[in-house]
Amino acid sequence: MKMLLTTVAFVAFTLSLSPASAAMMACTGENMTKSTAMMMGTADTPAKMVANKEMAMANTDMSNGKMKSGCMHYMKSQKAMMAK
């Protein structure tokens, strides 16, 4: 949880946006918080496990100041959750 709050703070200050498809949520602290909350409410599936790993990598990268890499992992997390 501490890592998530750190990520939200970093992203809120950088306002990093990704040119991903319109269906994807932009890489902002608010959207990352929403995505994390949505993932917690879903059933445990292989896709959710991949999404959780990608979100963890996004948190780590953003905590280390690697915003571009963090946003890329966040987008991969969203794609994994859309996979069935």
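Taken together, the values in this text are just the output of simple stated rules run on the coordinates, not laboratory data. Every value quoted in this text rests on a predicted model; they were computed, and no experiment measured them. Reconstructed Cβ throughout: ideal geometry from the backbone, glycine too, with neighbour counts over all protein chains shown.
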Between M38 and K68, the two model label points (7 Å from Cα along the beta-carbon direction) sit apart by a distance in nm of 2.7 nm
J(HN,Hα) series, segment 43-59, from Karplus relation 6.51 cos²θ - 1.76 cosθ + 1.60, nearest Hz, glycine and proline x
5, 6, 10, x, 5, 5, 5, 5, 4, 5, 5, 5, 5, 5, 5, 5, 4
